[in-house]
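For reference, the structure is listed below as structure tokens.
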Amino acid sequence: MSIANIVIGPVIIAIIFGFIVGSRVHLNLDNSFKFTASGILALIIGVLIMSYGLGQFPVYNDLPIATTFLGAVIGVLIGSALLGGRAKGDH
Amino acid sequence: MMAEGKKSPNWNKNDSSPILKIMALPIAIVIIALGIMTILGGHITPGGGFQGGAMIAGAIIFCVIVYGVDGTPLKLSHRFISTLESIGALAYVLIGLAGLALTGSYLYNVGGNLYGQVPQAIATLFSYPDLTHAGIVPYLNIAVGLKVLVGLSAVVIAFSQFKKLAEEEE
């Protein structure tokens with residue numbers, strides 16, 4: 001269990017996948033969760049606790065947190081911050 | 001026609017409680033991340049493309065139910081759905097055709113190359129950057145995950161709009 005064993009490939013793919021889905025998330029709706037600095041901080045703290053609970057999933061010899069899960073959350077947040085406000089849904 | 005006394009869920013109205021409206025989007029983001037993790041761990045753990053895609057679609061359906069189909073923050077446009085569906089199907093077929101072209105067997109695991117039928121340079125090209133050397137299986141999981149996430153979401157988005165269409169026709 002060390003940082004030397006971390007496999008960067010799945011994390012990068014998780015960030016790209018999260019970016020694709022996150023590009024459709026609108027963060028600034030009036031009736032929804034407010035993504036202010038404190039809101040995002042609360043979300044990140046919750047996600048860190050959850051990834052520690054998940055453990056070394058799915059690769060069992062790297063860090064004691066789920067790196068793929070963290071990468072996906074980071075991808076969703078980056079995708080929604082960069083493209084989410086401008087994505088136009090037509091349904 | 002609906003039976004007398006029965007009410008269908010009105011997904012076009014936005015009358016959920018404030019607690020649901022505040023908590024649904026962060027929970028949906030966490031469920032999306034769990035789905036992506038399930039897709040990417042599908043070759044070594046329980047789960048895979050279909051299960052992970054269904055989890056992501058579940059997050060989208062959750063938002064449609066809580067916020068209504070018009071006010072949902074997770075909006076999938078028609079173009080986005082058709083693009084992801086096409087990319088998923090094309091990637092699956094093309095990865096399978098690579099095996100057919102190189103070895104004569106459709107969906108031969110070119111990256112894993114268990115039977116040594118492919119030159120090592122080509123096997124390295126298709127190899128997944130992981131300790132398990134699973135070959136093309138994770139890529140197939142990703143393609144199936146893309147297809148399932150937009151396919152299941154599209155079904156629910158279409159169902160949720162039928163009532164609105166019926167009301168417009170009246």
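Read-outs: derived from the displayed coordinates by stated rules, not from any lab. Please read these numbers as outputs of a predicted model, since none were measured by experiment. Neighbour counts run over all protein chains shown; Cβ positions are idealised from the backbone, glycine included.
Roughly how big is chain B's charge dipole about its Cα centre, with Cβ charges of +1 (Lys, Arg) and -1 (Asp, Glu), in debye to the nearest 20?
Numbers: 9 positive and 9 negative charges, 37 e Å.
Roughly 180 debye for chain B.
Under a crude label model (7 Å from the Cα following the beta-carbon direction), how far is A:Ile3 from A:Leu41 in nanometres?
Each label point is offset 7 Å from its Cα along the Cβ direction, giving 2.4 nm.
For a footprinting-style exposure proxy, rank B:Tyr139, B:Tyr67 by other Cβ within 10 Å, fewest first.
Values: B:Tyr139 20, B:Tyr67 23.
If I rank by nearby Cβ atoms, fewest first, I get B:Tyr139, B:Tyr67.
Number of Lys-Lys pairs in the protein assembly as shown under 22 Å by Cα, sequence gap 8 or more or different chains?
Lysine pairs satisfying the spacing and distance rule in the protein assembly as shown number 22.
To the nearest 10 degrees, how steep is helix B:137-169 against the longest Cα principal axis of chain B, on a 0 to 90 scale?
Result, in degrees: 20.
Which whole-Hz ³J(HN,Hα) couplings does the stretch B:57-68 yield from phi under the Karplus relation 6.51 cos²θ - 1.76 cosθ + 1.60, θ = phi - 60°, glycine and proline marked x?
Per-residue couplings from phi come out as 4, x, 5, 5, 5, 4, 5, 4, 6, 6, 9, x Hz.
Take A:Met50, B:Met55, B:Met37, B:Met23 and order them by how many other Cβ atoms sit within 10 Å, fewest up front. Walk me through the intermediate numbers first.
Details: A:Met50 17, B:Met55 23, B:Met37 29, B:Met23 14.
By the 10 Å Cβ count, ascending, the order reads B:Met23, A:Met50, B:Met55, B:Met37.
With a ≥ b ≥ c taken as the square roots of the eigenvalues of the C-alpha gyration tensor of the protein assembly as shown, please select rounded if a/c is under 1.5 and otherwise prolate if a/b is larger than b/c or oblate if it is not? Intermediate results must be reported in sequence, preceding the final value.
Details: a/c = 2.52, a/b = 1.49, b/c = 1.69.
Oblate is the answer for the protein assembly as shown, as a/c is 1.5 or above yet b/c matches or exceeds a/b.
If you rank A:Phe35, B:Phe162, B:Phe126 by fewest surrounding Cβ atoms within 10 Å, what's the result?
Values: A:Phe35 22, B:Phe162 11, B:Phe126 19.
If I rank by nearby Cβ atoms, fewest first, I get B:Phe162, B:Phe126, A:Phe35.
Which value in nm describes the separation of the simple spin-label points at A:Ala81 and B:Glu168, placed 7 Å from the Cα toward the beta carbon?
3.7 nm
Report, in debye and to the nearest 20, how large the dipole of the protein assembly as shown comes out about its Cα centre when Lys and Arg carry +1 and Asp and Glu carry -1 on their Cβ.
The calculation lands at about 200 debye.
Percent relative contact order of chain B, based on C-alpha pairs within less than 8 angstrom and at least six residues apart? Intermediate values should be presented prior to the final figure.
Working: 230 pairs, mean separation 47.1, N = 170.
The normalised contact order for chain B reaches 28 percent.
Full-extension gain between B:Leu90 and B:Thr132, please, as 0.36 nm times their residue separation minus the C-alpha to C-alpha distance.
Working: separation 42, 0.36 × 42 = 15.12 nm, distance 2.53 nm.
Roughly 12.6 nm would be gained on extension.
Find how many whole Å separate the alpha carbon centroid of the stretch B:17-41 from the alpha carbon centroid of the stretch B:105-133.
34 Å
Expected output is a single nm value to one decimal: the length gained when fully extending between B:Ser77 and B:Gln161, i.e. 0.36 nm times separation in residues minus the C-alpha distance. What is it?
Taking B:Ser77 through B:Gln161 to full extension adds about 28.9 nm, to one decimal.
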